[in-house]
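*Asks:* Have a look at this one.
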Amino acid sequence: MFSKLKLEKEFKKRLDRYYDELKWLYSELYHNDTQAFDYFLCMLHQYYKERTPDLREWDEARELVPDWYRGNEMLGMQMYVNCFNKDLKGVKEKISYLRETGSNYIHLMPLLESPKGRSDGGYAVSDFRKVDPSLGTMEDLKDLAEECHRNGMSVCMDFVMNHTSEDHEWARRARSGDPEYQSRYFFFDNWYIPNEFEKTVPQVFPTTAPGNFSWCPEANKVVMTTFYPYQWDLNYGNPTVFNDMTANMLNLCNHGIDIIRLDATPYIWKTLGTTCRNLPQVHTLVRIMRMATEIVCPGTLLLGEVVMEPSKVVPYFGSIDKPECHMLYNVTTMASTWHTVATQDVRLMKHQLGQVFALPKQYVFLNYLRCHDDIGWGLDYDYLKQFGVKEVEHKKFLNDYFCGHRPFSDARGELYNNDPRLGDARLCGTTASLCGIEAAEYENNPWKLDMGIKLDIMLHAFLFTQSGIPIIYSGDEIGQLNDYSYHNDPEKWDDSRYLHRGNFKWDEVSSRRSNTKRQGRLYKAIRKLEKIREKHDVFDTSADCWIVETYNDHVLGIGRYHHGEKLIALFNFSDHDETAWINEREDYKDLMTNRKREAKAVGVPAKDFVWLITKYK
């Protein structure tokens, strides 16, 4: 019983801070189940006690500076462990390289045990307490985290909370007919209720995994499988599921994980007659998880993966008084960026960024160009409608453009989950290949290569100009190209996302010193941008940001101000040289050339950018 435990002073202080809200939310969600709540509190205390002295020091330091992640120093790199350098020990061996790239935050893609051939890239977890044997052990994970901490680096890891693998112990017991474990999932005796769900619940993978339910012959029942048939949705209406999954999350924290990426956050609560997306109970669960980390491991951040339209994304920050996620992916800006590359028209981007800039500065976005996943075209079509843009036609245009099927397009990508019925598909490819660098090298065309590299660098400059934390997908720093070898692998060939999940090209890393090769030109330029961002306060997350009117639909203008520094950033998405018709009065300096430059009628070369800065005394 929790009431009989002897509580440490620090734990009691943290618990007292949240106890009333914690109990109220938990009791409301789980119908005053006092036994489950008592167990939950005992579990929190247990993981607090198991936290190492070193991790407690990190907690204390971060409690003293709670906005430690909000400055302009954080730079992330995302990687698959096996692709980067074989296993966890291999990643540890390359810490010096990661430091050289400027990364002080590494995101390790799913690495817990999952069945070969039915892993969904690691997102079908069969054991939350065990690293996949091919990648190492939990001890290796702990050793890597400790080495990262010694080098001033934070570690992020995915926590797949919506579902388990069908090979998970709970699923095996449920399959054998155990009603207790069947209650941890969504089992139905026949198809009547599942068919009722299907009337309102959208399909995630309509072509590769249609429907939201699968037949389980061993149990002779239907089970909910929102993603793939081998991923069984967990029933968070059962407090045992929430208690045990929270314990699994805290176990990762106690192995040194600083940032928990909550995978597929909007999906975790299911109610018949709804879309089973973004339900109020989801926010209650995330708020309780936030309080759990604040009590047990306050040095930990929660990163929400919410791939939804902007109106659905922002609520996952919670409120200033009752926060949920510390950070969220800036999915909409990412998709709008590639839309702008294809259309060479910045009006949608101006509209979208205007909404982001209007949000409270406490809201921190994780900004990126590419990641492990596909690009979905979840744009603001209501806004685009005024320009005569139709959703289905526009998605086809964007996909055709980035697959190189349009005149004057040198992009090279592939479609993912192409659904001809709905005229919908998502896109895969690396940043460099989507920028035209792959095609330029194939054609041995120096001019096209110059343009592709300029576009790649410009997009990274735009990434670093946004407020929040930039994260680079491993390989982008050397302009890694698409990897088509997955077409020859039976376990991968039906998933085009492996196009940009190729092994890191260590044989190309030595070329990062070159002034002429693609790898060196990109690496040096991106490092220069990173160093400028870190040096100047104006790139701080808490800076004031606004849209600068350029009176040119090809040129995006962004203004930033912080601690006496003002930045005017201009990005030309056109294939032609353009002029930003601005008229700023102050004396400016070009951050890339370190020379004085007027901020009046600024000429910006094709696919290029300008960073102008001024300082107030």
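The values are calculated or read from the model by the stated rules, or taken from the named source; none is laboratory data. Just so it is clear, the model here is predicted, and its values are computed rather than measured. We place every Cβ from the backbone using ideal geometry, glycine too, and count neighbours over all the protein chains shown. Please note that ligands, DNA and RNA were not included when accessible areas were found on the heavy atoms of the full protein model with its side chains. Shrake-Rupley method; radii C 1.70, N 1.55, O 1.52, S 1.80 Å.
*Asks:* Please give the net charge around Y230, taking every other residue with its beta carbon less than 10 angstrom from that of Y230, where Lys and Arg add +1 and Asp and Glu add -1.
*Replies:* -2
*Asks:* List the lysines whose Cα lies under 26 Å from the Cα of K9, skipping any in the same chain that are fewer than 8 positions away.
*Replies:* Candidates past the 8-residue exclusion: K23, K49, K322.
*Asks:* Pairing the Cα long axis of helix 239-253 with the longest principal axis of the chain, what angle in degrees results, from 0 to 90 and rounded to the nearest 10?
*Replies:* 50 degrees
*Asks:* Sticking with this structure for a sec: If you work out Cα extents along the principal axes in Å from the coordinates, which of [x] 142, 46, 37; [y] 72, 66, 52; [z] 70, 56, 48 do you get?
*Replies:* [z]
*Asks:* While we're looking at this one, here's another question. For every other residue with a beta carbon closer than 11 angstrom to the beta carbon of S474, add +1 if it is Lys or Arg and -1 if Asp or Glu, then tell me the sum.
*Replies:* +2
*Asks:* Report the dimensions of region 406-553 along its three principal axes from the alpha-carbon atoms, largest first, rounded to Å.
*Replies:* Each principal axis gives a Cα extent; for region 406-553 these are 50, 42, 31 Å.
*Asks:* State, to one decimal in nm², a quarter of the convex hull surface area for the C-alpha atoms of region 44-178, i.e. the direction-averaged projected area.
*Replies:* 10.0 nm²
*Asks:* Taking the Cα atoms only, what angle lies between the long axis of helix 331-343 and the longest principal axis of the chain, rounded to 10 degrees?
*Replies:* Compared with the principal axis, the helix lies near 30 degrees.
*Asks:* Let me ask something additional. Loop only per DSSP, at most 12 neighbouring Cβ atoms within 10 Å: give me the chymotrypsin sites (Phe, Trp or Tyr not before Pro) in region 1-74, ordered by residue number.
*Replies:* Counting only loop positions with at most 12 other Cβ atoms within 10 Å, none of the chymotrypsin sites (Phe, Trp or Tyr not before Pro) in region 1-74 qualifies.
*Asks:* Let me ask another. What percentages, rounded to whole numbers, describe P(r) for region 302-455 computed over all alpha carbon pairs with 10 Å bin width beginning at zero?
*Replies:* The percentages, shortest bin first, are 10, 36, 33, 17, 4, 0.
*Asks:* Could you give the accessible area per residue of region 50-176, probe 1.4 Å, as a whole number in Å²?
*Replies:* Numbers: 4960 Å² over 127 residues.
In whole numbers, region 50-176 has 39 Å² accessible per residue.
*Asks:* How high is the relative contact order of the chain, given as a whole-number percent (alpha carbon pairs under 8 Å, six or more residues apart)? Let's see the in-between values first.
*Replies:* On the way: 1173 pairs, mean separation 70.6, N = 617.
Over the chain, the number comes to 11 percent.
*Asks:* Could you sort the peptides 321-332, 176-187, 473-484 by per-residue average Cβ neighbour count (10 Å cutoff), highest mean leading?
*Replies:* 473-484, 321-332, 176-187
*Asks:* What is the local net charge at K517, summed over the other residues whose Cβ is closer than 11 Å to its Cβ (Lys, Arg +1; Asp, Glu -1)?
*Replies:* Result for the local shell: +3.
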